[in-house]
Amino acid sequence: MPLKRCSLVADIGGTNARFALVAEDGAELIEPRSLPVAGYPGLVDAARAYLEQAALGEPARAAISVALPVTGDILNMTNHSWSFSVAETRAALGLDYLKVLNDYTALALALPVLTADQCLKVGPGKSLPGHPRAVLGPGTGLGVSGVVPAGDHWVPLESEGGHVTYGALDARERQVIEVLREDLEHVSAESLVSGRGLTHIYEALTRIENARGERLSPGEVSELALAKESELALEAVSIFCGVLGTVAGNLALTLGARGGVYIGGGIVLRILDLFKRSNFRDRFERHGRFTAYLREIPTYVIDTGYPALTGAVVALGEAYEKLGISSRAGD
């Protein structure tokens, strides 16, 4: 049955475009679905395809989170070829109001409303109420954000922290980074902790060891590691998890995230058995004089299907009117 009044929420990454509807007076996601970004020429086409499939009515408002810096009306995807205008997208979809925000800003807004059964705790620590929370996640890229309490609300950060420079912590990482520098102008955290980062690490290891091997996708590297069919794939996943731990610890220190650090993205969930046995938590804590400080901060893996969509619903609230870029009919 069509909804009388509804809003559209979306989370657009480099690989998947996730959509859902929400009743105007509710927060529950209705008909959440994921469409392949590569299957559509642009955002408007994917959104129209979703609305046709859901067949629940035409939304009046929308909040769309995207994997890119949201700095103006014209937005170009960081890890895909899509480019769009916020104002033109609103008009093309017949919306009264459209808000666009960074995907990890949306995910950060979801942190305060995530339930215990939507998060898997990894390691020790206890969340302190009223303190900042941080989130990062390897997917097509590496998203980074956090939320800071401000009265009755949480202020999300609009960050591009995945692109900070990464420095090796041990000799093997130095070898990998030296190989990557032959091809990359800048070795960032995302260069190592993302889908292509996992491939980068695996290919660097094959070059270091003079091993033969065809170019593998991140999924293929993960599968080989999970099946224990390749020592280099296992080592690549191990390095990936260790670097993620160091980056997460750095983020916790930067934000004072004593409310907890959350891991999003799809990769960690796919390699969860290896991740839980990895040195992620050891590397998270291993920060010299601040090891004891970090030991008290809990780390979680977000284990729910559409957390950024939940954050997009929150972003439609009046308190977040100035967040992101918006377009309203008649402007």
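Computed from the coordinates by the stated procedures, all read-outs in this text should not be read as laboratory data. Just so it is clear, the model here is predicted, and its values are computed rather than measured. Cβ: placed from backbone, ideal geometry, glycine included. Neighbour counts: every protein chain shown.
Relative to the longest principal axis of the Cα atoms of the chain, the long axis of helix 171-180 lies at roughly 60 degrees. Helix 231-255 and the longest principal axis of the Cα set of the chain meet at an angle near 60°. Each Lys and Arg Cβ is given +1 and each Asp and Glu Cβ -1; about its Cα centre, region 115-303 then shows a dipole of about 660 debye.
Based on alpha-carbon atoms, the Kirkwood radius and the radius of gyration of region 115-303 give Rg/Rh equal to 0.98.
Just so you know, the Rg over Rh for region 233-285 is 0.98, from Cα atoms, with Rh as the Kirkwood radius. Only one residue of Ser238, Pro129, Leu29 has its Cα farthest out toward the positive end of the dipole of the chain, where Lys and Arg carry +1 and Asp and Glu -1 on Cβ, and that residue is Pro129.
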